[in-house]
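Okay, so here's the structure we're looking at.
The values are calculated or read from the model by the stated rules, or taken from the named source; none is laboratory data. This structure is a prediction, so every number in the text was calculated from the model and none was measured. Note that we place each Cβ from the backbone using ideal geometry, even for glycine, and neighbour counts take in every protein chain shown. Note: areas computed on protein heavy atoms with side chains; ligands, DNA, RNA excluded. Shrake-Rupley method; radii C 1.70, N 1.55, O 1.52, S 1.80 Å.
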Amino acid sequence: MSTNTPVGTAARPLRVAVVGSGPAGVYAADILTKSEAVKSGELTVSIDLFDRYPAPYGLIRYGVAPDHPRIKGIVNALHKVLDRGDIRFFGNVDYGTDLSIDDLRNHYDAVIFATGAIKDADLNIPGIELEGSYGGADFVSWYDGHPDVSREWPLEAKEIAVIGNGNVALDVARMLSKHADDLLVSEIPDNVYAGLKSSPVTDVHVFGRRGPAQVKFTPLELRELSHSKDVDIILYAEDFEFDAESDRQIQSNNQTKTMVGTLTNWIAEQPEDLSELTASRRLHLHFLHSPVEVYDSAEAPGRVAGIKFERTELDGTGNARGTGEFVDYPVQAVYRAIGYFGSALPEIEFDHSKGVVPNDGGRVLDAAGTPVPGIYATGWIKRGPVGLIGHTKGDALETVTYLLEDRENLPLAATPAPEAIVELLAARGVEYTSWEGWLALDEHERALGEKATAAGESHGVAVQRERIKVVPREDMVEISRGAAVEV
Ligand SMILES: Cc1cc2nc3c(=O)[nH]c(=O)nc-3n(C[C@H](O)[C@H](O)[C@H](O)COP(=O)(O)OP(=O)(O)OC[C@H]3O[C@@H](n4cnc5c(N)ncnc54)[C@H](O)[C@@H]3O)c2cc1C
Ligand SMILES: NC(=O)c1ccc[n+]([C@@H]2O[C@H](COP(=O)([O-])OP(=O)(O)OC[C@H]3O[C@@H](n4cnc5c(N)ncnc54)[C@H](OP(=O)(O)O)[C@@H]3O)[C@@H](O)[C@H]2O)c1
């Protein structure tokens, strides 16, 4: 190909790498291929989508709870995008280990980082490092069958505290309190079923540091708590504080109004004598509790024995302040679900206070705050770990719009031929997976589900199972790379 061939033509398409195949990465790739410039024929693009996991879809596969099949179903739309054949998928390729920024610059005219977030935000209180104190994100990764976390999860506690009032806290609390047999309809892997089945839990306490009108979770997710079989929800009248600002929030936000309505109905319907509740497990929702310390005991030093909170009160601005009153809850495990946090990307500037790649609308900035030509970000790594799958579409649109605006001034790749990156990965011995590989793994997981359904039972329970997830990375890679595997 002549070096004078104009970039963005059929002979020399604009080469774009998207790193991260969660919703943000897939939407960015899709929006770029459907942009006006491409549709009109003015621009030809060629996109490669990389992910460090052997399978696509990011947190939809490894974050969304297994008992949320409707949300997991969003992958059907993303599947259609990747199944068209105009975006190549390379799984099991880690940016930073398998490919460097120089490799990407060498092979692509532009790079979009859509690497999301998978880690827990830190909670700096004494005792948080004790045995039995866990990050909610780690637990999520375990129950969603993440390939890189241990297959075992210690579920030995009868009483558990979950810190946080966001949707992840509700997911974690629901998964901890739900009976394992009721999760068998979902795609949970066998090791997760076995772990949850053995759990002796009786009480899960969820703690928010502000009031019922300031929760971050959403109405559907709250109401869903009441659908768990044999789990009673318990609320406490002293936590129901509403100041003028709460009233304003309730009146101005329908979601808040609905949630406060749900919570106040629940507490009104609750028997005065809690011993009248009959479920074998209880889920307690507490508000106005700020965590102060996780502590151990003389009998079991180094292990969680309880958690101390300071009671808080609303301060009139929507925030809460400490009252100086402290309360202890004896628990044997603590899960913090106080938000996720992005991870730094090698050779890219990182904002360590916000956990994002610094950017201006998606144009990645260097240490001086100047846009780095050809480097973009989208999704949670651009904006921070807040928002729903649908919100990543807007992010992607903004980022792609800037990329297209910049397209005359991109630093052009020296080795743009599409086969060159494949040769590089092969030469480095990277066992990358492909879209066809994902189709094989997808089929394999569905076949496992069908087999359990055909057997008429799974773990002794009569259920229909659509899919059973494959967990070990090496198995995912082997199946994806075409090895014949017995179902
Ligand atoms: C526990 C949990 C449950 C959720 N449930 C819902 C829900 O029910 N409904 C809803 O609408 N939203 C839900 N969300 C929010 C939703 O998951 C996010 O909005 C969305 O996934 C963010 O998309 P993303 O593409 O930016 O990041 P991610 O989905 O995290 O995708 C990032 C991808 O980048 C890859 N990656 C990271 N680093 C590298 C690297 N170095 N090299 C190569 N690849 C890399 C990752 O492997 C991953 O596949 C949930 C979030 C969490 C945490
Ligand atoms: N089903 C779903 O739709 C679903 C499921 C899971 C996640 N998601 C989405 O994913 C995003 C991330 O959810 P998330 O739950 O991780 O985050 P989040 O919505 O930001 O909630 C974090 C919670 O942690 C609390 N918190 C933070 N720091 C704390 C501290 N030091 N001490 C005590 N509490 C603290 C926050 O309280 P304050 O409000 O007081 O700061 C808040 O209640 C959200 O947008 C969420 O809606 C959606």
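How many residues does region 188-223 contain that are open to solvent by less than 30 Å² (accessible area, probe 1.4 Å) and under 17 Å from residue 469 (Cα atoms)? Total satisfying the criteria: 6. Taking residue 353 as the residue in question, decide whether it is within 23 Å of the chain's Cα centre (by Cα), of a type in the set (Gly, Ala, Ser) and open to solvent by 60 Å² or more (accessible area, probe 1.4 Å). Judged against the criteria, residue 353 is a match.
Residue count for region 431-484 under the criterion of being open to solvent by less than 70 Å² (accessible area, probe 1.4 Å) and at positive phi: the result is 3.
For region 186-206, a tally of residues being more than 21 Å from the chain's Cα centre (by Cα) and of a type in the set (A, V, I, L, M, F, W, C) returns 3.
Each residue in region 262-289 was checked for being touching a residue at least 12 places away in the same chain (Cβ under 8 Å) and in a helix (DSSP H, G or I), and 6 pass. Of all the criteria given as (1) open to solvent by less than 20 Å² (accessible area, probe 1.4 Å); (2) of a type outside the set (Ser, Thr, Tyr); (3) in a loop (DSSP other than H, G, I, E, B), the one not satisfied by residue 149 is (1). Restricting attention to region 107-130, and to residues there that are touching a residue at least 12 places away in the same chain (Cβ under 8 Å) and open to solvent by 60 Å² or more (accessible area, probe 1.4 Å), which single residue is farthest from residue 54 (Cα to Cα)? Residue satisfying both the conditions and the ranking: 126.
The residues in region 154-170 that are more than 15 Å from ligand 1 (Cβ to nearest atom) and assigned to a loop (DSSP other than H, G, I, E, B) can be counted, and the count is 5.
Kindly indicate whether residue 199 is among the hydroxyl-bearing types (Ser, Thr, Tyr) and touching a helix residue (DSSP H, G or I) at 6+ places or on another chain (Cβ under 9 Å). In short, yes.
May I ask you to verify whether residue 98 is touching a strand residue (DSSP E or B) at 6+ places or on another chain (Cβ under 9 Å), away from ligand 2 (no atom under 16 Å from the Cβ) and within 20 Å of residue 476 (Cβ to Cβ)?
Details: touching a strand residue (DSSP E or B) at 6+ places or on another chain (Cβ under 9 Å): yes; away from ligand 2 (no atom under 16 Å from the Cβ): yes; within 20 Å of residue 476 (Cβ to Cβ): yes.
So residue 98 passes the test.
Considering region 378-422, the residues that are more than 30 Å from residue 6 (Cβ to Cβ) and among the small types (Gly, Ala, Ser) include one that is surrounded by the fewest Cβ atoms within 10 Å (Cβ to Cβ), namely 390.
Within region 246-291, which residues are open to solvent by 30 Å² or more (accessible area, probe 1.4 Å) and within 23 Å of residue 325 (Cα to Cα)?
Passing the criteria: only 290.
Can you confirm whether residue 28 is among the small types (Gly, Ala, Ser), outside the structural domain of residue 173 (by TED's automatic domain parsing), surrounded by fewer than 19 Cβ atoms within 10 Å (Cβ to Cβ) and not in a loop (DSSP other than H, G, I, E, B)? So residue 28 fails the test.
Among the residues of region 15-45, those identified as more than 19 Å from residue 390 (Cβ to Cβ) and touching a Phe, Trp or Tyr at 6+ places or on another chain (Cβ under 9 Å) are 15, 16, 17, 19.
Residues are listed down the side, and each one gets a yes or a no for (1) under 22 Å from the mean Cα position of the chain (by Cα); (2) within 17 Å of residue 418 (Cα to Cα); (3) within 16 Å of ligand 2 (Cβ to nearest atom):
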| position | (1), (2), (3) |
| --- | --- |
| 10 | no, yes, no |
| 16 | no, yes, no |
| 26 | yes, no, no |
| 41 | no, no, no |
| 57 | yes, no, yes |
| 61 | yes, no, yes |
| 74 | yes, no, yes |
| 81 | yes, no, no |
| 85 | no, yes, no |
